[in-house]
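Contents: one structure, followed by commentary.
The values are calculated or read from the model by the stated rules, or taken from the named source; none is laboratory data. Here the structure is a predicted model, which means the values were calculated and not measured. For neighbour counting, all protein chains shown are included, and Cβ atoms are generated from backbone atoms with ideal geometry for every residue, glycine included.
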Amino acid sequence: MPKLLAGLGNPGERYARTRHNLGWMVLEAFASKHGVSVEKAGFHGLYGETRWPATGDKLILLKPLTFMNLSGRSVAPAAAFYKVAPADILVIYDDLDLPPGKLRLREKGSAGGHNGMKSIIQELGTQDFPRLKVGIGRPAPGWDVVDWVLGTFGPDDAACIAQALPRAVEAVEAFLNDGLPRAMARYNG
């Protein structure tokens with residue numbers, strides 16, 4: 001059964017190290033660790049393919065280039081082309097409601113105000129797909145949320161994220177190796 005890992009972010013150097021690109025950061029760390037090139041152009045994004053050694057499943061890594069609010073226009077065509085069931089799509093993205101660096105795997109759910117997730121839910125026609133949320137925390141009072149998510153990490157948050165990235169990669173590996181329930185039990189604590 002093919003699996004699709006979609007890391008959400010925004011294209012362009014301006015957004016490269018922003019909070020909203022945390023999904024890309026996790027996907028890039030995973031790709032680097034496992035020697036997967038994510039440089040093929042297609043599906044309104046960049047993608048790469050490999051076989052996951054533990055299961056032999058085809059694994060597709062996808063970085064949508066549609067800008068965050070239209071992420072579904074990349075994820076849905078890739079899932080359709082590779083015939084990936086919603087339960088085998090793992091979307092990786094930033095979450096305002098979790099402290100910086102905190103991980104949360106979920107089996108399904110609403111978009112929770114995240115525009116990238118709204119787009120994916122709309123384009124897939126379901127909210128029943130796994131996701132890995134990586135916390136970025138909420139802005140201090142007076143901050144605009146858009147400015148916050150499109151801003152870079154301060155020193156303290158950057159340290160939390162640096163520690164969270166390898167753990168997020170491990171959570172993705174656990175999803176692929178052991179399935180979502182076991183990965184949730186291990187990484188949602």
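Things worth noting here:
- Residues that are under 13 Å from A168 (Cβ atoms), touching a Gly at 6+ places or on another chain (Cβ under 7 Å) and crowded, with 23+ Cβ neighbours inside 10 Å within the range 9-47 comprise G23, W24, V26, L27, listed in sequence order.
- When M68 is tested against (1) under 14 Å from L5 (Cα atoms); (2) in contact with a helix residue (DSSP H, G or I) (Cβ under 8 Å, 6 or more places away or on another chain), exactly one condition is not met: (1).
- Hits in the range 112-141 - residues which are closer than 21 Å to P181 by Cβ and of a type in the set (S, T, N, Q): T126, Q127
- Odd one out for V75, checked against (1) closer than 27 Å to H34 by Cβ; (2) assigned to a loop (DSSP other than H, G, I, E, B); (3) of a type in the set (A, V, I, L, M, F, W, C); (4) touching a helix residue (DSSP H, G or I) at 6+ places or on another chain (Cβ under 6 Å): (2)
- If you filter the range 172-188 down to residues that are at negative phi and out of contact with any strand residue (DSSP E or B) (no Cβ under 8 Å at 6 or more places or on another chain), you find that the one that is surrounded by the most Cβ atoms within 10 Å (Cβ to Cβ) is A174.
- Test: residue in the range 123-139 that is surrounded by fewer than 14 Cβ atoms within 10 Å (Cβ to Cβ), modelled with pLDDT of 95 or more and of a type in the set (A, V, I, L, M): no
- Test result for V38, touching a residue at least 60 places away in the same chain (Cβ under 8 Å) and either part of a loop (DSSP other than H, G, I, E, B) or among the aliphatic types (A, V, I, L, M) (or both): no
- For R138: the one exception among (1) in contact (Cβ under 8 Å) with a residue 40 or more places away in the chain; (2) closer than 17 Å to V26 by Cβ: (2)
- Pair list, Cβ under 6 Å, 6 or more apart: the range 42-65 residue assigned to a loop (DSSP other than H, G, I, E, B), other residue modelled with pLDDT under 95: D57/M1
- Residue match in the range 93-114 (condition: among the hydrophobic types (A, V, I, L, M, F, W, C) and part of a helix (DSSP H, G or I)): no
- Note on the range 122-142: among residues that are over 14 Å from the mean Cα position of the chain (by Cα) and not in a loop (DSSP other than H, G, I, E, B), the one that is farthest from P77 (Cα to Cα) is Q122.
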